[in-house]
Structure formats: structure tokens, C-alpha cells
Amino acid sequence: MDFKDLWESVPYPAFVLDFKNEIKLANPLSQQYCETSLYRLVGKKLSSYIGTNSAVFEVLEKISSNSSAIVKFDVPINWKNKGNQVFDMYVVSVEMGLSNLIFFHPKRLKGKMEQALLNQNSIKSVSAMGSVLSHEIKNPLASIIGAAQLLENSNVKNHKTLTQIIHEEAKRIESIVDRVQLLAEVNKIGFGAVNIHDVLDKVKRSALQGYGSHVQFEENYDPSIPDVNGDFELLTQAFHNVIKNSCEAVGKKGGRINIKTSFYSGLALGSLGEKNKKLQLMITVSDNGPGVTKNIIADIFDPFSTTKIGGSGLGLPLVAKIISEHGGFVELDDMKDGACFNIYLPAQEVSSSERAQ
């Protein structure tokens, strides 16, 4: 077994510390929490990233005295720039007591994976629903529009008023059906390299010209993240729905939306019959609105679940569907103020010939 690969695949932050609690080794995911490179982590004290008063150091002191393994549950850790998060902690003495191996297991990681699997299962039934509704409703729509066109050419009194009503209602229903149809199976044949920043820029420009004209957008992009393999228009639709939700949630004055892109390593998602895809990109859309009401959090990605007056309840299920078709998943981070959505996507796979170039 290649222990280097095993170490790098650990899906939560892990460190090897010396007797001074200085970092001797860290796994790739620790970069996300410490917000620095592995190279810069080595030689730094762990307290530089979690503070000097953390309960972690009490555990490290105990293990130094008895050289045994210690497991401590529900440890609050105040990561630099990330705020308090709760972890289960496992520490074991290694290298003949000269070093300590420490794992921080996020309490919410299990929930993320369970939610991703639930999304995948519900998405299959949503796909079937989309196909059925599209087939059943579009046929009578064609008849309604045809009848309206015939009325336009007749001599019926007030026929223009009637045809206008028919046209408006038919188009409204057709618009709903088009949105539902997007929940059907996605054709991946046309997938190609997509720069996620191009997608986000297009959505932001569109928002500023309409529904988000009152919003101040803040961008925190990592320009080095790779492309994703996908459909530009579908991804645009997904992020349009997320950002439109945030624009509608924030106040007319002082409304802010932050869009952040970053690397995310150590997590992979797979489905039956498909190769596991390593999720390497994380896109975060957060706002300073009132947040999501607690009674809808569990069902927020279910079709027709909405608290908006006149809302269809298809926006976020469509986001979950599109992101899932691209090999990723979306979650609501209910630990943050306002609403915060994290979208995880795999990077486009690069062939060996492309690497050589």
C-alpha cells in the first residue's frame, strides 16, 4: 500500500506535531482550514491556526504524559478566519513518543455525504417527473396556442382580448414546463471545459441589470482553480437560481452577496456504475439576508418546497439536479449568518498527453 496516497486521501484535516506542537506534516485538506499551502504549514505552531486557548492543547498535554491514544468528541475549534466549528478529535503518539498524530473529524462531514446521497436519490424521481410533465402538458399547450391563432383570424367580437389572454396563459404554463423539463435527464455528450468564473461573471452581470440591481457583490476568486467538465448554459442556470434567491432575500438597502471560489480536496463522490469523482472546486454564495427558516431547511432541495409567495419551488431542486449531473453536490451551510450555499464540483480530468504539454 502507498501510505502517501492514503495520507492524502484522508477527508478531514490531519497533522503530525512535534513535542512543541509545531507542524511536521499535514495532509492536503488541512490547507483548506489553515488557508495556506502545505509548504508554509511545516514548522509553524498549530496554535497559529486554532488559537492558544483551544481545548486541543489540553488533550495534547495528556497524551504527552502517558503516550496513549485519546479520542475526544465535540471539541469546539476556532479556525483562523473560519469561526468556531465542532470536531471529533483523535490523537495518538507516534515515532516512539517523539510526535503526535492528530485527526480532526468534522461533525458535519457525515451529514454532507448523507445529504449528497439523498439528493442523488431524490433527483432520480425528479428526472422521471420532469419527463412525464413535459410530455403530458406540452401536447394540450400546442392545441391552445393553435386555437388562439385561429381566433386571431376570425370575426369574433373582442377576439383580440381573448387571444391575448390565451397567449399569455399558454406562454406562462410553457415557461413552467420548460423549467420542469430541465429536471429531466441531462445529455452529457456536449460537455466540455468550462471556466466557472466565466459562468459567475455572466450571472452577476445579468443580475446587476435586473433582479440584483440593488445588491453589492463581493468577489473572492481563486484564479488558479481549473476548469470543470460541463455545460456552460446549464451551470449558468444553476448559479442564476442560487444568486437570484440571495438577491430576493437581502434588503433593498445594504444588501450584500459574497461569491467565493477555492480548492477543496479530500472529498470524492460516486454513484452506481460510475467512477468516483474527486471534488476539487468549492463555490460559496453567501448573503446578509435573514437566512433560511428552520422549518424548510430539511426540505429545501425538494421540488415544490418554498416559502415564497407565488414561488414554484423548483429553483433549488433544479440547482441540485444540474450540479449532480456535473458530478458534484450543493449544500446549505446553516451554520453561517444569512444564507450560505456551498457548491462542490470536480475539476476536468486532464489526459496524460495534455499533462505532457
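So, in the stretch 96-108, of the ones that are touching a residue at least 40 places away in the same chain (Cβ under 8 Å) and within 20 Å of GLU22 (Cβ to Cβ), which residue ends up surrounded by the fewest Cβ atoms within 10 Å (Cβ to Cβ)? Restricting to residues being touching a residue at least 40 places away in the same chain (Cβ under 8 Å) and within 20 Å of GLU22 (Cβ to Cβ), the top hit is LEU98. Scanning the stretch 242-261 for residues that are part of a loop (DSSP other than H, G, I, E, B) and modelled with pLDDT of 95 or more yields a count of 0. Among the numbered conditions (1) within 16 Å of the chain's Cα centre (by Cα); (2) part of a loop (DSSP other than H, G, I, E, B); (3) at pLDDT below 70, the only one that LEU279 does not meet is (2).
To keep it simple, each residue is scored yes or no on (1) part of a strand (DSSP E or B); (2) in contact with a helix residue (DSSP H, G or I) (Cβ under 9 Å, 6 or more places away or on another chain); (3) under 19 Å from GLU95 (Cβ atoms).
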| position | (1), (2), (3) |
| --- | --- |
| VAL10 | no, no, yes |
| VAL16 | yes, no, yes |
| LYS20 | no, no, yes |
| LEU25 | yes, yes, yes |
| SER54 | no, yes, no |
| VAL59 | no, no, yes |
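A search for C-beta distances below 8 Å between a residue of the stretch 19-39 that is farther than 22 Å from LEU281 by Cβ and any residue that is polar (S, T, N, Q) and surrounded by fewer than 17 Cβ atoms within 10 Å (Cβ to Cβ), counting only pairs 6+ apart in sequence or on different chains, returns PHE19/SER64; ASN21/SER47. When PHE239, PHE232 are checked against the criterion of being surrounded by fewer than 21 Cβ atoms within 10 Å (Cβ to Cβ), over 30 Å from TRP7 (Cβ atoms), modelled with pLDDT of 90 or more and in contact with a helix residue (DSSP H, G or I) (Cβ under 7 Å, 6 or more places away or on another chain), PHE232 stands alone in meeting it.
The values are calculated or read from the model by the stated rules, or taken from the named source; none is laboratory data. As the structure is a prediction and not an experimental result, all values here were calculated from the model. In this analysis, Cβ positions are derived from the backbone assuming ideal geometry, glycine residues included, and neighbour counts consider all displayed protein chains.
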